[in-house]
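Reviewing the structure listed below.
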Amino acid sequence: MLELAILGLLDERPMHGYELRKRLSEMLGTVRTVSFGSLYPTLRRLQQQGDIVEDASAATVTRPPATARRGRKTYRITTRGKSSLAALLDEPGTASFTDDGFGVHLAFFDRTPGPARVRLLEGRRRVLEERREGQRDAAARTGPTELRYARQLTLLGLETSERELRWINELIQTENPSQGEPQ
């Protein structure tokens with residue numbers, strides 16, 4: 001998912017590592033932060049694959065302060081990287097249906113082909129339906145007075161899952177008006 005996010009952001013414009021990390025944090029929210037320890041190895045791997053290159057001529061290159069040893073490396077996506085991005089957007093895997101994976105894909109939905117968007121939405125719906133059933137079972141196992149706050153947390157999760165399912169179903173309906181809602 002990190003490769004998809006990096007390629008998607010670099011497809012917008014060249015960026016340096018610090019800027020990428022900031023944008024990734026904005027995109028993924030406060031729930032998940034990207035460490036430099038995972039960002040830079042991924043950047044190196046994408047560079048070795050030929051998906052991105054350092055761009056010394058980019059407008060985002062910053063001059064190093066007098067105390068710094070070197071300037072920031074600015075990266076840009078290559079033609080191969082654009083093809084890799086298109087393939088990642090067009091062929092979502094099962095990790096794309098998880099909370100983190102779906103969020104990354106959703107950030108690039110405007111660049112995702114329609115059939116892939118529907119596959120992503122349907123996969124996410126299956127994950128949410130399974131989660132909802134588990135939450136229903138957990139809520140049924142605890143009585144109203146037993147573990148009162150744990151039960152409330154379970155009910156909140158159930159309500160959140162049901163709301164996201166309604167939203168997903170609305171999106172599927174928008175993508176494919178001929179498809180009816182599931183039971």
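The values are calculated or read from the model by the stated rules, or taken from the named source; none is laboratory data. Treat the numbers as computed from the prediction; the structure is a model and nothing was measured. Note: ideal-geometry Cβ built from the backbone for every residue, glycine included; neighbour counts use all protein chains shown. Quick note on the areas: whole protein, heavy atoms, side chains included, nothing else; ligands and nucleic acids left out. Shrake-Rupley method; radii C 1.70, N 1.55, O 1.52, S 1.80 Å.
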Work through the residues other than residue 115 whose Cβ is under 11 Å from its Cβ and net out their charges, Lys, Arg +1 and Asp, Glu -1. -2
Taking the full set of protein chains and a 1.4 angstrom probe, give the accessible area of residue 13 in square angstrom, rounded to the nearest 10. 90 Å²
With a 1.4 Å probe and all protein chains kept in place, how much accessible area does residue 3 have, in Å² rounded to the nearest 10? 50 Å²
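When the solvent-accessible surface of protein heavy atoms is calculated with a 1.4 angstrom probe, in what order do 27, 1 fall, highest first? Mind dumping the intermediate values first?
On the way: 27 50, 1 75 Å².
Sorted descending by solvent-accessible area, the residues read 1, 27.
Can you give the extra length, in nm with one decimal, that the chain gains between residue 141 and residue 82 once fully stretched, where that is 0.36 nm per residue apart less the Cα-Cα distance?
16.3 nm
If Lys and Arg each add +1 and Asp and Glu each add -1, what is the summed charge of the other residues whose beta carbon sits under 13 Å from the beta carbon of residue 75?
On the way: positive: 13, 21, 23, 44, 45, 72, 73, 76; negative: 3, 11, 12, 19, 51, 54, 55.
Here the count lands on +1.
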Between residue 153 and residue 122, what is the spin-label point distance in nm, taking each point 7 Å from the Cα along the Cα→C-beta axis? 3.6 nm
